[in-house]
Every structure is written in structure tokens, then in C-alpha cells.
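The values are calculated or read from the model by the stated rules, or taken from the named source; none is laboratory data. Treat the numbers as computed from the prediction; the structure is a model and nothing was measured. We place every Cβ from the backbone using ideal geometry, glycine too, and count neighbours over all the protein chains shown. The accessibility values were calculated without ligands, DNA or RNA, using every heavy atom of the protein model including side chains. Shrake-Rupley method; radii C 1.70, N 1.55, O 1.52, S 1.80 Å.
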Amino acid sequence: MAKKQPFEKASKAAGGWGALKSVGRQLVGSGKPVAGAKTMLKANQPDGFDCPGCAWGDPEHGSSFEFCENGVKAVAWEATRARVTPDFFAKHSVQELRCWSDHDLEHQGRLTHPMRYDADSDRYVAVGWEDAFAGIADRLNAIEDPGQAEFYTSGRASNEAAFLYQTFVRLYGTNNFPDCSNMCHEASGVALTESIGIGKGTVQLEDFEKADTIFVVGQNPGTNHPRMLADLRKATERGARVVVFNTLKEKGLQRFADPQNKLEMIRGGSKATSTDYFRPRLGGDMAIFRGMAKVVFAAEDAAQAAGDAPVLDHAFIAEHSQGFEDYRAVVEATDWAQIEDQSGLSRTQIEEAAGFYLEADSVVATWAMGITQHRHSVPMIREIVNFMLLRGNIGRPGAGLCPVRGHSNVQGDRTVGINEKAPKPLIDAMEKELGVPMPREPGHNVLQAIGAMLSGEARAFIALGGNFARATPDSQLIDQAMRNLDLTVNIATKLNHSHLMPGAHSYILPCLGRTEIDRNSKGVRQIVTVEDSMSMVHGSGGINLPASKELKSEVQIIAGIAKATVGDAVVDWDALGDDNDKIRELIERVLPAFENYNEAVRKPRGFHLFNSAAVRQWNTPTGRANFSVADLPKETEWQQAKGDDQTYILQTFRSHDQYNTTVYGMDDRYRGVYGERNVVFMHRDDIALIGAEAGDRVDVLGCFEDGVDRTAADFRLVPYDIPRGCVAGYYPELNVLVPHQHYGDKSFTPSSKSVRVNFRLRAK
Ligand code: SF4
């Protein structure tokens, strides 16, 4: 058992000295503490670079320290002194490296040279860029049907890289765009498009300063969007209600000690980040919002009966919405017993929470994976929207919806065309611009790409960043499927597990990081752009020298592969690959919302991309905001397992020392876990119920009846304050238990927050 960090245990607040200590450790660990600290001063600054971490917004008038502990981890991890050179690959076979942990692989440092897989020696060997491009083109062009190639995008890719990528892939002839958002906020995109006509949140950062009540649902900002804590804290300080619905009592959603507040740090103080905290069962949030809607309708009836002012915003409902009466009927038809059993909250608790909605003039609702990774996530998110429509809490100051994105540009990638559904307006505009037909057949999302890889239909997999093999469900099946491919290509900054699942032909192409200077052939420093969760598009320019002279930008790599594969008769890849301004001019012609793109993005903090719903324009088939009328799920996974002492519902999540599949360290100090990752958080009474004791080691067994043995071996049971019947643990280690066939209706998002599992005690 690793040594406990004494003072950490004591702190009841997120941030504080623990954050500073962790920051220090990360900067020292990068081998360049002073340079690293200097680099951080340019993070999220108008003349600096965008933090490659999450997609929380930047305040208009930010401080010179506009970063958080996890932003430092992301930057220090990228700006490390450590290098993975051709010599490294000469020393280690792919088979050997496959046994290394996710942490140890990336900890080796930055990739320095393009590498080609040599199957005979089972090693990667150095290759020249042009040879790599030619080799990749040969394999891609050897595939009869372009639909047999999968083109994956990680949310770290800039708008310019993502737009060029979609242009290349569509010219190659497919819409196969498996995208990391398929595994995170896809349900938000689908639900919001159906409800309000745009697949994005409607609020801006300023709305958090005006809201009377903020609902934070299925989200852990302390680890995943740490700067949000400052906004929540400011809200509670000015008397707003911050109402949390979360299965776990997350430290960041209770108190935050601001490391930038010297007095507070000296006194060991902190402030609340929430005012009310409710603990639903996994998958129970839709029932909560359904229950709160019942309370709102009862309050409306009471007001009418008393001749008081109406509770509902009738003017908004009449002018802007569709389906109100049907929605009211389905709410009235939902009984409290089902609501209480499914949500895990009592009627009294739900009435209390609804009261915080009724007392507020303006309300913001935010959410993340705790909502989006269930089978019924789309109707669940639509239920949140329904609830917000009742009092017109969309499209006015201090009110609106905020799915908080996990990756710094995952929203931007979708905006500029990374979309397997091949939206007609985009394809029409691309055809008009390029003068050639584009594929209109919808392509593959992540799960469909997995299906094609498992069936052998897919022959090639190209990844613009990310760690597909570890981010996806059914890890053992994916590993094999990737190795059955003819071609795998990974554009990356650091070595990861997916690179060790080489197809017959495989390349690792090292790219510049977000913090590194990108100069074109004329020596002009290039900037890229990203879009945050608040639809703000801003510029990002690296400030550090590249980790290797061999590195190319994502844009240059895509241009190189594209030119070699589809030729440059239609697109001048050399010109675009050498000048991001030219790519932005092309984006502006194809996507009119990016008006004066090159000028606008050079303004401090960039510009707000037009959001129709934020101004109450509803781009829906009805031309209105649509109430949905879905029934609650007959039974959630938790309800199906109820009464079975051996079956539990697992949610996978991140530790505090992790960002997506990148593992910076082995601690999770906010949850009291140090030096290990093979842990399962479980209620003390449930541990006893399976005949175990706290600290016992178990194998976690998947319960999906498809004949596939899904086992996560040798995990330690950690007693934790979590609702009975629910358990939790980290991905990617537990992704082996998530069946790829277990996904959200309409969203195709793996249901990683509701996986049925059993336990097998291991010998002591
Ligand atoms: S909140 Fe997100 S974007 Fe901001 S510094 Fe932290 S990790 Fe980076």
C-alpha cells in the first residue's frame, strides 16, 4: 500500500495546497520545471496557447494564471524533456511494450521521428516522411471500397486539422468518421438537435455569473473541468443555488480552496462550490427531472387555484415551443413510486430540488458523462431540456444549457465537419467549393467502426490523435480487431497502447504539440483555433521549441497523406498545409458562420460562434423548441439488478491524475487512493454482502449475455460512500467489461455508466 499523503487526507476542499503540490510534482517530473512554469503563464492567454486539457471557457478578463492543476498536468506531460527516439523502438519489441501500463508508455516522452512497423522484427523502425506518406497512400489506394477505411478523430485536433482531414477523407470517398465525441457527448448532440435544433450548449461563461440556480448533473468538474470550480464558488458566494446531482460525493463539488487566493491559502480556508447535493442511483437522473416537472405542474395548478401569478412561462411556451400538452400528459402519467425507485431520491428531496428551480428567475443546467453514457441518455437529456423550457430558461441572460465538453476542441471538430452523418448543408457547400461530388452515404461512428473491424470489413484505421484501443469498450476484442487490419496509422505526440496494435502495415507519425511553435516554410508562425463548450472560437499559438526537428503539424501531416493518396488536382494540399490562414479562408467559404475568420480569431479571446437556440431561433423541423414525450425507462440497469446481491452496476470514470486515457500518475487524492489504479469503489455493506472485506482483492466479471468472457482481474475493494448496488472504477482498465453492443439508443455511445458486473473473490 503506497504511503498516504498526510495533509491531503485532511483537506475537505479541492484545489488548495494539494493542487500546488501536485503542480510542483508535475513540473519537476517533466524535467523542465522552470520552463514549464513559464509556459503555463501563456496558457489560455490571448497571445498564448489553448490548454490541451478540457473545453471549459476562458473569462473575458482573465487573470495571468488562467489554468488549473490539470491544465498543468496536460502541458507538463506534453512539454516533457523525455523523448521516444528510434533507439527506444530498437530496444523494445512491440510485444514487450504491449505489456507496459498506459502510464509507463506515455511517460517515455515525446515521439521524435516518423516510424514504420517492421513485422519481421516486431519493432518500429524510422522512416522518412515522404516514404511514410507514399506507403500509406499505397495501402489506402489498394483498398477497393473507401468505406473499408476508418478515420478517427480525437478532440484535441484543431479546427484547421479537422477541416483538412474531413476534406481529404471525403475526397478519398467515405464519411467514416469515428470520433471521440461518439463516446462522450454524442447523446447531448443528438438530444439537443431534436429539442432545440442545435447540438451544442446555449450558455456563455457570463451566464454563470447571472444564474440564480445552477444544476450540475452527472459531472465531476474538480477533476474534469477544474476552472469551473471557481465559477461555481463565485455563484455560491453571491447567493445563487448550486444544486448537484451526482452518485458520488465528489470533493470538487463541495468546497474549493483557490490556490490563487494567498490569504485563503495561508489560513487553509476554502469556499463552497455547491449549496445542495443529491445522490441518485446510476441512470436515475431522468426520473429526477420528471419528478421535478411534476412539482412544477403542481405549483402551476396551485397558483392558478389561488389566482397567483403563473409559475410556467406561458408566453415562451406559446411562442417558442411545441408539444407542451403531450409532455404535461406524460409527466402527469408518471407515478412517484417509479420516480423514487428509479432515481434513488425521495419525493421530498425531489420537491426540495424543484423548489430551487421555482424560486429562481434564471437557471443554468450543466451535465457531462454521468448523463451521456447510458442506454436512455438521449431521452434523459431531452427531459432536462423539457424541464428548462417550462419557465423559458433558454436564450436569455443567466439561463440555458451547458453540456461541458471533455476535450479542448471536441465541439470544434464536429462544427467543421467531423460528422459521419454527412450533413447536407456541409456536403452541398463542399461540392460547390471543390467542384467535385462528395460521398453522401452516412458513414461509421465509433461503434459502427468497431463492428466493421470485428467483422473484417474494415481494412484500414487512421487516427488523428487519441488512443482508440483504450478509449473504446471491449478492449480485448478491439486489440485483436486492430491487429487484423491491413493498415493502421497513428498521428500522435506520445506513445500509447493503440500504437502497439499494428496492422500488417503500420505507421506512427509524430506531430507538434499545442504548446510548440509551428513555423511554415516562410518562417511565419502559425496559429490554430479551437471551440470551447460555450461556442467561443479562439486562437492558439505555441511558444516552445518543438520536441524534435522532425516533427510536423497535424495540418502538414494530413496534407502530406492527402496529396499522396488523392493527388492535388482538386485541392492544393501543399498550399493549405503551409498556411493555416488559407485553411480558415476555405472554412469561411464553406461554413458562413466563420465570417472574417482570420481577423476575428486574432481578437483577444476570439469570437462567439452564432448559436441559434441562444437567441431563440429553433432550427428544428417544427421551427420551435420541441418538448419530448418519452416514458421513463421501464427499468434502469440498477432496477433490473435490484434484489440480486451478487450483481452490481458499474460506472467507469477518471481518477484525478488522469485525462481521458492519459494517466499522469497513480494517485486519486480527492478519493483517498494513492499509488494504484486497480480499485473498485463499493458501499461497505455491499462489500460484506458479497462475502468480502474492505481491501480484499477480486476479479470483476462482466454480466453481458453474449458468451464473451469479460474479466478485469485483481482489483482491490475500496469502501466508499456510494449508493447501494452501484460501484465505480477507472477506465481504461475497466473498459474490458463494457460490451460494445451495450450503448445508448440513437447516440451509439457505450453505456459506460451502467455496466452489470459480478465479483469473484481472489484467494487472500
Ligand atoms: S479547466 Fe480545462 S482548459 Fe482550463 S486549464 Fe484546466 S484543464 Fe485546461
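The loop-placed trypsin sites (Lys or Arg not before Pro) in segment 627-698, going by DSSP, that have at most 10 neighbouring Cβ atoms within 10 Å of their Cβ come out as LYS634. Once you treat every alpha carbon in segment 662-764 as an equal point and sum by Debye, what is log10 I(q)/I(0) at q = 0.14, 0.19 Å⁻¹? Each listed q maps to, in turn, -0.56, -1.00. Sites listed here are GluC sites (Glu not before Pro) in segment 274-361 whose DSSP assignment is loop and whose Cβ has at most 12 other Cβ atoms within 10 Å: GLU359. When nucleic acids and ligands are ignored and a 1.4 Å probe is applied, VAL364 ends up with an accessible area of around 0 Å².
Taking 18 Å as the limit for the C-alpha separation, the pairs LYS249/LYS753; LYS200/LYS582; LYS234/LYS603; LYS12/LYS73; LYS200/LYS634; LYS234/LYS271 exceed it in the case of LYS200/LYS582; LYS234/LYS603; LYS12/LYS73; LYS200/LYS634. Look at where the Cα atoms of segment 334-380 and of segment 658-698 average out, and the two centres are 28 Å apart. For MET682, the residues whose modelled amide H falls within less than 5 Å of its own, excluding neighbours fewer than 5 places apart on the same chain, are VAL718, TYR720. I want the local charge near SER751. Using Cβ-Cβ distances under 13 Å, sum +1 for each Lys or Arg and -1 for each Asp or Glu among the other residues. Computed value for this residue: 0. When both bridge partners sit in the chain, DSSP labels roughly 40% of those beta bridges antiparallel. Taking a sphere under 15 Å around the Cβ of LYS634 and counting the other residues whose Cβ falls inside, with K and R at +1 and D and E at -1, yields a net charge of -3. Close amide H partners of HIS185, meaning residues 5 or more places away or on another chain with modelled amide H under 5 Å apart, do not exist here.
Taking Cβ atoms as reference points and 11 Å as the exclusive limit, the residues near ALA235 contribute a net charge of +1, counting Lys and Arg as +1 and Asp and Glu as -1.
For segment 141-216, the list of GluC sites (Glu not before Pro) that fall in a loop by DSSP and count at most 16 other C-beta atoms within 10 angstrom reads GLU144. Sorting THR85, THR39, THR348 by solvent-accessible area of protein heavy atoms yields THR348, THR85, THR39, largest first, with a 1.4 Å probe.
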